[in-house]
Amino acid sequence: MVILQGTSGDDILVGSSENDFIFGSAGNDILIGGSGSDRVDYSSLTTAITLEAVGVVNKGGVGTDRIINVEEIVGSFGQANTISGLAANNGITSFKIDLSNNRLIVRDIPNLGNLNFRVENFVNVIGTGQNDSIIANQSNNTLIGRTGNDAFKGNGGNDFIDGGAGRDVAVFNSNIESYSITGTRTIANVTGFDGVDTLTGVEILVFDGGRITLTKPNPSFSTRADLLTGLVDEEFYLTQNPDVAQAVAQGGFASGAQHFASFGQFERRDPNALFDTSLYLNNNLDVKQAVDQGLTTAAQHYFTFGGFEGRDPSAFFDSSRYLEINPDVAAARVNPLSHFLSFGVNEGRVAFTAGEVNVFA
(Lines give C-alpha, C1' and ligand atoms only; values in the text may rest on other atoms or scores of the structure.)
Protein backbone atom coordinates (compact mmCIF):
# COMPACT_ATOMS: atom_id res chain seq x y z
CA MET A 1 0.00 0.00 0.00
CA VAL A 2 1.20 3.48 -0.88
CA ILE A 3 0.02 6.41 1.28
CA LEU A 4 -0.12 9.87 -0.30
CA GLN A 5 -0.83 13.12 1.54
CA GLY A 6 -1.19 16.47 -0.18
CA THR A 7 -0.52 19.96 1.09
CA SER A 8 -2.88 22.88 1.50
CA GLY A 9 -1.82 24.03 -1.97
CA ASP A 10 -2.78 22.74 -5.43
CA ASP A 11 -1.27 19.25 -5.68
CA ILE A 12 -1.01 16.49 -8.24
CA LEU A 13 -0.78 13.12 -6.50
CA VAL A 14 -0.14 10.03 -8.62
CA GLY A 15 -0.55 6.56 -7.20
CA SER A 16 1.28 3.36 -8.02
CA SER A 17 0.34 -0.06 -9.31
CA GLU A 18 -0.47 -1.03 -5.71
CA ASN A 19 -3.57 -0.27 -3.66
CA ASP A 20 -3.07 3.40 -2.86
CA PHE A 21 -4.43 5.39 0.07
CA ILE A 22 -4.73 9.10 -0.75
CA PHE A 23 -5.71 11.64 1.91
CA GLY A 24 -7.71 14.55 0.54
CA SER A 25 -6.79 18.01 1.79
CA ALA A 26 -7.42 21.65 1.00
CA GLY A 27 -6.51 23.04 -2.40
CA ASN A 28 -7.48 22.30 -5.97
CA ASP A 29 -5.91 18.88 -6.42
CA ILE A 30 -5.64 16.20 -9.07
CA LEU A 31 -5.66 12.73 -7.51
CA ILE A 32 -4.74 9.80 -9.75
CA GLY A 33 -5.09 6.35 -8.27
CA GLY A 34 -3.12 4.19 -10.65
CA SER A 35 -3.88 0.58 -11.51
CA GLY A 36 -4.64 -0.86 -8.05
CA SER A 37 -7.74 -0.59 -5.90
CA ASP A 38 -7.39 2.98 -4.67
CA ARG A 39 -9.03 5.06 -1.97
CA VAL A 40 -9.37 8.81 -1.51
CA ASP A 41 -10.17 9.75 2.07
CA TYR A 42 -11.65 13.15 2.96
CA SER A 43 -12.71 12.13 6.46
CA SER A 44 -10.45 14.68 8.16
CA LEU A 45 -11.95 17.67 6.33
CA THR A 46 -14.24 19.85 8.41
CA THR A 47 -16.48 20.80 5.47
CA ALA A 48 -18.98 18.64 3.60
CA ILE A 49 -17.96 17.46 0.16
CA THR A 50 -19.99 16.90 -3.01
CA LEU A 51 -18.99 14.03 -5.29
CA GLU A 52 -20.10 14.68 -8.86
CA ALA A 53 -20.71 12.06 -11.51
CA VAL A 54 -17.88 13.39 -13.68
CA GLY A 55 -15.19 12.65 -11.07
CA VAL A 56 -15.09 16.07 -9.48
CA VAL A 57 -15.11 16.58 -5.70
CA ASN A 58 -16.23 19.99 -4.47
CA LYS A 59 -14.91 20.68 -0.97
CA GLY A 60 -16.91 23.78 -0.13
CA GLY A 61 -14.65 26.77 0.38
CA VAL A 62 -11.41 24.79 0.54
CA GLY A 63 -11.07 23.68 -3.07
CA THR A 64 -12.14 21.38 -5.87
CA ASP A 65 -10.47 18.08 -6.75
CA ARG A 66 -10.38 15.97 -9.87
CA ILE A 67 -10.16 12.23 -9.12
CA ILE A 68 -9.06 9.66 -11.70
CA ASN A 69 -8.83 5.85 -11.45
CA VAL A 70 -10.14 5.82 -7.88
CA GLU A 71 -12.49 3.08 -6.68
CA GLU A 72 -13.33 4.26 -3.15
CA ILE A 73 -14.26 7.72 -1.86
CA VAL A 74 -14.69 8.51 1.84
CA GLY A 75 -16.55 11.71 2.69
CA SER A 76 -15.87 14.12 5.54
CA PHE A 77 -16.67 12.56 8.90
CA GLY A 78 -19.89 13.82 10.49
CA GLN A 79 -20.80 16.05 7.54
CA ALA A 80 -23.80 16.00 5.18
CA ASN A 81 -21.80 14.84 2.17
CA THR A 82 -23.63 14.65 -1.15
CA ILE A 83 -23.45 12.57 -4.32
CA SER A 84 -24.64 14.76 -7.18
CA GLY A 85 -25.68 13.96 -10.73
CA LEU A 86 -26.18 17.57 -11.79
CA ALA A 87 -23.11 17.42 -14.03
CA ALA A 88 -24.28 14.22 -15.75
CA ASN A 89 -26.16 16.13 -18.42
CA ASN A 90 -25.47 13.92 -21.44
CA GLY A 91 -28.99 12.46 -21.47
CA ILE A 92 -28.03 8.84 -20.75
CA THR A 93 -25.91 8.57 -17.58
CA SER A 94 -27.78 7.52 -14.44
CA PHE A 95 -27.15 6.46 -10.84
CA LYS A 96 -27.70 3.23 -8.96
CA ILE A 97 -26.94 4.08 -5.35
CA ASP A 98 -27.24 2.08 -2.16
CA LEU A 99 -25.92 4.16 0.73
CA SER A 100 -26.82 1.40 3.19
CA ASN A 101 -24.18 -0.79 1.52
CA ASN A 102 -21.83 2.05 0.49
CA ARG A 103 -22.34 1.37 -3.20
CA LEU A 104 -22.41 3.77 -6.14
CA ILE A 105 -22.76 2.69 -9.75
CA VAL A 106 -22.61 5.38 -12.41
CA ARG A 107 -24.31 3.81 -15.40
CA ASP A 108 -23.90 4.41 -19.13
CA ILE A 109 -20.98 6.81 -19.07
CA PRO A 110 -20.07 7.61 -22.69
CA ASN A 111 -17.06 5.54 -23.83
CA LEU A 112 -16.75 3.92 -20.39
CA GLY A 113 -20.00 2.10 -19.66
CA ASN A 114 -20.70 1.45 -15.97
CA LEU A 115 -18.29 2.36 -13.18
CA ASN A 116 -18.55 0.93 -9.65
CA PHE A 117 -17.44 2.78 -6.52
CA ARG A 118 -17.44 2.24 -2.80
CA VAL A 119 -18.60 5.39 -0.98
CA GLU A 120 -18.62 6.08 2.75
CA ASN A 121 -20.00 8.89 4.93
CA PHE A 122 -22.44 10.12 2.27
CA VAL A 123 -25.87 11.26 3.36
CA ASN A 124 -27.57 13.11 0.48
CA VAL A 125 -28.12 12.38 -3.20
CA ILE A 126 -29.09 14.57 -6.15
CA GLY A 127 -30.06 12.50 -9.17
CA THR A 128 -28.91 12.70 -12.76
CA GLY A 129 -32.18 13.59 -14.46
CA GLN A 130 -32.39 10.06 -15.91
CA ASN A 131 -33.95 7.00 -14.27
CA ASP A 132 -32.08 6.71 -10.97
CA SER A 133 -32.43 4.18 -8.16
CA ILE A 134 -31.47 5.50 -4.74
CA ILE A 135 -31.45 3.59 -1.44
CA ALA A 136 -30.70 5.61 1.69
CA ASN A 137 -28.96 4.55 4.89
CA GLN A 138 -30.01 5.04 8.52
CA SER A 139 -29.25 8.77 8.51
CA ASN A 140 -31.70 11.61 7.90
CA ASN A 141 -31.17 11.62 4.16
CA THR A 142 -32.18 14.11 1.48
CA LEU A 143 -32.81 12.36 -1.84
CA ILE A 144 -33.64 14.40 -4.94
CA GLY A 145 -34.59 12.61 -8.13
CA ARG A 146 -35.04 15.42 -10.64
CA THR A 147 -36.66 14.60 -14.01
CA GLY A 148 -36.36 10.83 -14.50
CA ASN A 149 -38.55 7.93 -13.41
CA ASP A 150 -36.83 7.39 -10.09
CA ALA A 151 -37.03 4.76 -7.35
CA PHE A 152 -36.29 5.55 -3.70
CA LYS A 153 -36.00 3.68 -0.42
CA GLY A 154 -35.56 5.69 2.73
CA ASN A 155 -34.72 2.93 5.24
CA GLY A 156 -34.29 4.36 8.75
CA GLY A 157 -34.16 8.01 9.67
CA ASN A 158 -36.38 10.95 8.85
CA ASP A 159 -35.80 11.38 5.15
CA PHE A 160 -36.81 14.02 2.63
CA ILE A 161 -37.50 12.60 -0.82
CA ASP A 162 -38.19 14.82 -3.84
CA GLY A 163 -39.18 12.82 -6.89
CA GLY A 164 -39.27 15.78 -9.25
CA ALA A 165 -40.86 15.15 -12.62
CA GLY A 166 -41.33 11.64 -13.97
CA ARG A 167 -43.07 8.57 -12.58
CA ASP A 168 -41.47 8.18 -9.15
CA VAL A 169 -41.72 5.33 -6.65
CA ALA A 170 -40.92 5.13 -2.95
CA VAL A 171 -40.46 1.66 -1.42
CA PHE A 172 -41.01 0.91 2.29
CA ASN A 173 -39.73 -1.89 4.49
CA SER A 174 -42.95 -3.26 5.95
CA ASN A 175 -46.64 -3.73 5.19
CA ILE A 176 -48.89 -0.77 4.54
CA GLU A 177 -50.68 -1.18 7.89
CA SER A 178 -47.41 -0.28 9.65
CA TYR A 179 -47.49 3.24 8.26
CA SER A 180 -49.59 6.37 8.46
CA ILE A 181 -49.85 8.37 5.24
CA THR A 182 -50.94 11.99 5.41
CA GLY A 183 -50.85 15.03 3.15
CA THR A 184 -50.89 15.31 -0.62
CA ARG A 185 -48.46 14.77 -3.46
CA THR A 186 -47.06 18.25 -2.84
CA ILE A 187 -46.06 17.30 0.71
CA ALA A 188 -46.87 13.84 2.04
CA ASN A 189 -45.65 12.32 5.29
CA VAL A 190 -45.22 8.56 5.65
CA THR A 191 -44.77 7.72 9.33
CA GLY A 192 -43.69 4.29 10.51
CA PHE A 193 -41.42 2.34 12.84
CA ASP A 194 -38.40 3.35 10.74
CA GLY A 195 -38.97 7.12 10.86
CA VAL A 196 -40.95 9.87 9.18
CA ASP A 197 -40.33 10.32 5.48
CA THR A 198 -41.46 13.54 3.82
CA LEU A 199 -42.24 13.11 0.14
CA THR A 200 -42.86 15.59 -2.63
CA GLY A 201 -43.44 14.74 -6.26
CA VAL A 202 -43.56 10.99 -5.57
CA GLU A 203 -46.61 9.28 -7.03
CA ILE A 204 -46.41 5.57 -6.18
CA LEU A 205 -45.80 3.99 -2.77
CA VAL A 206 -44.85 0.30 -2.64
CA PHE A 207 -45.02 -1.72 0.57
CA ASP A 208 -44.08 -5.23 1.64
CA GLY A 209 -45.74 -7.94 -0.42
CA GLY A 210 -46.21 -5.66 -3.41
CA ARG A 211 -49.11 -3.68 -1.91
CA ILE A 212 -49.31 -0.25 -3.54
CA THR A 213 -51.07 3.04 -3.07
CA LEU A 214 -50.75 6.54 -4.47
CA THR A 215 -50.06 9.88 -2.87
CA LYS A 216 -53.16 12.03 -3.10
CA PRO A 217 -53.27 14.74 -5.78
CA ASN A 218 -53.19 18.30 -4.50
CA PRO A 219 -56.75 19.57 -3.92
CA SER A 220 -55.97 22.58 -6.13
CA PHE A 221 -56.11 20.17 -9.08
CA SER A 222 -59.55 18.95 -10.10
CA THR A 223 -59.86 15.19 -9.85
CA ARG A 224 -63.01 13.20 -10.56
CA ALA A 225 -64.75 16.03 -12.39
CA ASP A 226 -61.94 16.11 -14.94
CA LEU A 227 -61.37 12.38 -15.37
CA LEU A 228 -61.60 10.96 -18.86
CA THR A 229 -63.10 7.51 -18.28
CA GLY A 230 -61.58 7.62 -14.82
CA LEU A 231 -58.01 7.38 -16.07
CA VAL A 232 -56.59 10.91 -16.13
CA ASP A 233 -54.78 12.12 -13.01
CA GLU A 234 -54.87 15.86 -13.65
CA GLU A 235 -51.92 16.77 -11.45
CA PHE A 236 -49.71 14.02 -12.84
CA TYR A 237 -50.65 14.79 -16.44
CA LEU A 238 -49.93 18.50 -16.18
CA THR A 239 -46.70 17.94 -14.27
CA GLN A 240 -45.39 15.48 -16.86
CA ASN A 241 -46.50 17.63 -19.79
CA PRO A 242 -45.48 21.25 -19.23
CA ASP A 243 -46.61 22.17 -22.76
CA VAL A 244 -50.12 21.08 -21.83
CA ALA A 245 -49.95 22.86 -18.47
CA GLN A 246 -49.04 26.06 -20.29
CA ALA A 247 -51.90 25.60 -22.76
CA VAL A 248 -54.36 25.04 -19.91
CA ALA A 249 -53.08 28.11 -18.07
CA GLN A 250 -53.55 30.18 -21.23
CA GLY A 251 -57.09 28.92 -21.74
CA GLY A 252 -56.40 26.68 -24.74
CA PHE A 253 -57.84 23.69 -22.89
CA ALA A 254 -60.19 23.49 -19.94
CA SER A 255 -58.05 20.78 -18.36
CA GLY A 256 -55.35 18.24 -18.96
CA ALA A 257 -58.09 15.63 -19.28
CA GLN A 258 -59.57 17.53 -22.19
CA HIS A 259 -56.19 17.62 -23.89
CA PHE A 260 -55.71 13.90 -23.29
CA ALA A 261 -59.11 13.10 -24.81
CA SER A 262 -58.45 15.21 -27.89
CA PHE A 263 -54.72 14.73 -28.43
CA GLY A 264 -52.73 13.14 -25.62
CA GLN A 265 -54.01 9.60 -25.94
CA PHE A 266 -53.22 9.64 -29.67
CA GLU A 267 -49.76 11.04 -28.91
CA ARG A 268 -49.18 8.12 -26.52
CA ARG A 269 -48.89 10.28 -23.42
CA ASP A 270 -49.46 8.62 -20.05
CA PRO A 271 -52.70 9.69 -18.29
CA ASN A 272 -51.59 8.72 -14.77
CA ALA A 273 -48.69 7.21 -12.85
CA LEU A 274 -50.10 3.67 -13.04
CA PHE A 275 -50.63 3.66 -16.81
CA ASP A 276 -47.44 3.20 -18.81
CA THR A 277 -48.42 3.53 -22.45
CA SER A 278 -45.11 2.28 -23.86
CA LEU A 279 -45.05 -0.77 -21.59
CA TYR A 280 -48.70 -1.58 -22.29
CA LEU A 281 -48.08 -1.59 -26.03
CA ASN A 282 -44.80 -3.50 -25.76
CA ASN A 283 -46.47 -6.18 -23.62
CA ASN A 284 -49.52 -6.42 -25.90
CA LEU A 285 -48.35 -6.54 -29.50
CA ASP A 286 -51.88 -7.12 -30.83
CA VAL A 287 -52.93 -3.85 -29.24
CA LYS A 288 -49.83 -2.12 -30.55
CA GLN A 289 -50.68 -3.23 -34.07
CA ALA A 290 -54.20 -1.83 -33.73
CA VAL A 291 -52.84 1.43 -32.31
CA ASP A 292 -50.27 1.71 -35.10
CA GLN A 293 -53.13 1.31 -37.59
CA GLY A 294 -55.10 4.10 -35.90
CA LEU A 295 -57.92 1.78 -34.82
CA THR A 296 -57.70 2.60 -31.12
CA THR A 297 -55.40 4.06 -28.46
CA ALA A 298 -53.69 2.29 -25.58
CA ALA A 299 -55.95 4.03 -23.05
CA GLN A 300 -59.13 3.30 -25.01
CA HIS A 301 -58.22 -0.35 -25.34
CA TYR A 302 -57.34 -0.77 -21.68
CA PHE A 303 -60.48 0.97 -20.46
CA THR A 304 -62.81 -0.92 -22.81
CA PHE A 305 -61.18 -4.35 -22.99
CA GLY A 306 -57.74 -4.74 -21.44
CA GLY A 307 -58.67 -4.17 -17.83
CA PHE A 308 -61.18 -7.02 -18.00
CA GLU A 309 -58.87 -9.32 -19.99
CA GLY A 310 -56.21 -9.44 -17.31
CA ARG A 311 -53.90 -7.01 -19.08
CA ASP A 312 -51.92 -4.79 -16.74
CA PRO A 313 -51.52 -1.04 -17.37
CA SER A 314 -48.03 -0.99 -15.84
CA ALA A 315 -45.72 -2.95 -13.60
CA PHE A 316 -47.38 -1.27 -10.60
CA PHE A 317 -51.00 -2.38 -10.99
CA ASP A 318 -52.39 -5.91 -11.29
CA SER A 319 -55.79 -5.62 -13.00
CA SER A 320 -56.97 -9.20 -12.40
CA ARG A 321 -55.94 -9.21 -8.76
CA TYR A 322 -57.78 -5.94 -8.10
CA LEU A 323 -61.00 -7.37 -9.50
CA GLU A 324 -60.49 -10.62 -7.59
CA ILE A 325 -59.99 -8.80 -4.28
CA ASN A 326 -62.87 -6.42 -4.98
CA PRO A 327 -65.73 -8.57 -6.34
CA ASP A 328 -68.18 -5.66 -6.16
CA VAL A 329 -66.06 -3.79 -8.71
CA ALA A 330 -65.89 -6.88 -10.92
CA ALA A 331 -69.67 -7.42 -10.68
CA ALA A 332 -70.30 -3.80 -11.68
CA ARG A 333 -68.04 -4.20 -14.75
CA VAL A 334 -66.04 -1.11 -13.76
CA ASN A 335 -62.53 -0.85 -15.15
CA PRO A 336 -60.18 -1.80 -12.28
CA LEU A 337 -57.67 1.03 -12.64
CA SER A 338 -60.40 3.59 -13.25
CA HIS A 339 -62.11 2.45 -10.04
CA PHE A 340 -58.90 2.48 -8.03
CA LEU A 341 -58.03 6.01 -9.13
CA SER A 342 -61.54 7.42 -8.68
CA PHE A 343 -62.61 5.58 -5.55
CA GLY A 344 -60.41 2.74 -4.37
CA VAL A 345 -57.33 4.66 -3.34
CA ASN A 346 -59.44 6.90 -1.08
CA GLU A 347 -61.43 3.94 0.26
CA GLY A 348 -58.30 2.05 1.25
CA ARG A 349 -58.91 -0.71 -1.28
CA VAL A 350 -56.14 -3.25 -1.74
CA ALA A 351 -54.05 -3.10 -4.93
CA PHE A 352 -50.80 -4.81 -5.87
CA THR A 353 -47.95 -4.61 -8.32
CA ALA A 354 -48.18 -6.84 -11.37
CA GLY A 355 -45.99 -9.59 -10.02
CA GLU A 356 -42.69 -9.09 -8.26
CA VAL A 357 -41.20 -5.73 -9.24
CA ASN A 358 -37.59 -4.87 -8.47
CA VAL A 359 -37.36 -1.14 -9.03
CA PHE A 360 -33.71 -1.17 -7.88
CA ALA A 361 -32.46 -3.56 -10.58
Among Phe316, Phe360, the single one that is touching a residue at least 60 places away in the same chain (Cβ under 8 Å), crowded, with 19+ Cβ neighbours inside 10 Å and of a type in the set (Phe, Trp, Tyr) is Phe316
Filtering the stretch 131-155 down to residues that are in a loop (DSSP other than H, G, I, E, B) and closer than 18 Å to Phe236 by Cα yields Asn131, Gly145, Arg146, Thr147, Gly148, Asn149, Asp150
Those residues of the stretch 130-155 that are open to solvent by 10 Å² or more (accessible area, probe 1.4 Å) and of a type outside the set (Val, Ile, Thr) come to a total of 10
Exactly one of Ala298, Ala331, Ala249 is under 27 Å from the mean Cα position of the chain (by Cα), modelled with pLDDT of 95 or more and not hydroxyl-bearing (Ser, Thr, Tyr), and that residue is Ala298
Within the stretch 171-183, can one find any residue that is surrounded by fewer than 24 Cβ atoms within 10 Å (Cβ to Cβ), farther than 17 Å from Thr213 by Cα and either touching an Asp or Glu at 6+ places or on another chain (Cβ under 6 Å) or among the β-branched types (Val, Ile, Thr) (or both)? no
Over the stretch 250-279, the set of residues in contact with a strand residue (DSSP E or B) (Cβ under 8 Å, 6 or more places away or on another chain), assigned to a loop (DSSP other than H, G, I, E, B) and open to solvent by 10 Å² or more (accessible area, probe 1.4 Å) is Asp276
Expected output for the stretch 243-272 (first residue within 14 Å of Thr297 (Cβ to Cβ), partner of a type in the set (S, T, N, Q) and open to solvent by 60 Å² or more (accessible area, probe 1.4 Å), Cβ below 7 Å, 6+ apart or cross-chain) is Gln265/Gln300
By residue number, the members of the stretch 59-71 that are surrounded by 18 or more Cβ atoms within 10 Å (Cβ to Cβ) and under 29 Å from the mean Cα position of the chain (by Cα) are Lys59, Asp65, Ile67, Val70
Residue hits (the stretch 1-13; assigned to a strand (DSSP E or B) and open to solvent by 90 Å² or more (accessible area, probe 1.4 Å)) are Ile3, Gln5, Ile12
Within the stretch 334-347, the count of residues that are open to solvent by less than 20 Å² (accessible area, probe 1.4 Å) and modelled with pLDDT under 90 comes to 1
Of the residues in the stretch 79-113 that are hydroxyl-bearing (Ser, Thr, Tyr) and part of a strand (DSSP E or B), the one that is nearest to the chain's Cα centre (by Cα) is Ser94
Selection over the stretch 156-170 where residues are open to solvent by less than 20 Å² (accessible area, probe 1.4 Å), in a loop (DSSP other than H, G, I, E, B) and under 27 Å from Leu279 (Cα atoms) yields a count of 3
Those residues of the stretch 280-302 that are buried (at least 22 other Cβ atoms within 10 Å of the Cβ) and closer than 22 Å to Ile204 by Cα come to a total of 4
### Query
Can you find a residue in the stretch 120-141 that is over 13 Å from the mean Cα position of the chain (by Cα), more than 24 Å from Ile204 (Cα to Cα) and among the β-branched types (Val, Ile, Thr)?
no
Restricting attention to the stretch 198-215, the residues that are more than 12 Å from Phe317 (Cα to Cα) and open to solvent by less than 10 Å² (accessible area, probe 1.4 Å) number exactly 5
Those residues of the stretch 307-361 which are acidic (Asp, Glu) and closer than 16 Å to Thr277 by Cα amount to Asp312, Asp318
Original post:
Is it fair to say Leu231 is outside any helix (DSSP H, G or I), at pLDDT 95 or above and buried (at least 17 other Cβ atoms within 10 Å of the Cβ)?
Top reply: no
Per the list (1) at pLDDT below 95; (2) buried (at least 23 other Cβ atoms within 10 Å of the Cβ); (3) among the hydrophobic types (A, V, I, L, M, F, W, C), residue check on Phe95 breaks on (1)
Residue pairs qualifying under the 6 Å Cβ cut-off, at least six apart or on distinct chains, with the first in the stretch 44-59 being touching a residue at least 60 places away in the same chain (Cβ under 8 Å) and the second being open to solvent by less than 20 Å² (accessible area, probe 1.4 Å) and small (Gly, Ala, Ser), are Ala53/Gly85; Ala53/Ala88
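The values are calculated or read from the model by the stated rules, or taken from the named source; none is laboratory data. Bear in mind the structure is a predicted one, so any value in this text is a computation, not a measurement. When we count neighbours, we look across all protein chains shown, and the Cβ atoms used for this are built from the backbone with ideal geometry, even at glycine. We work out accessible area using only protein heavy atoms, side chains counted, and drop any ligands, DNA or RNA first. Shrake-Rupley method; radii C 1.70, N 1.55, O 1.52, S 1.80 Å.
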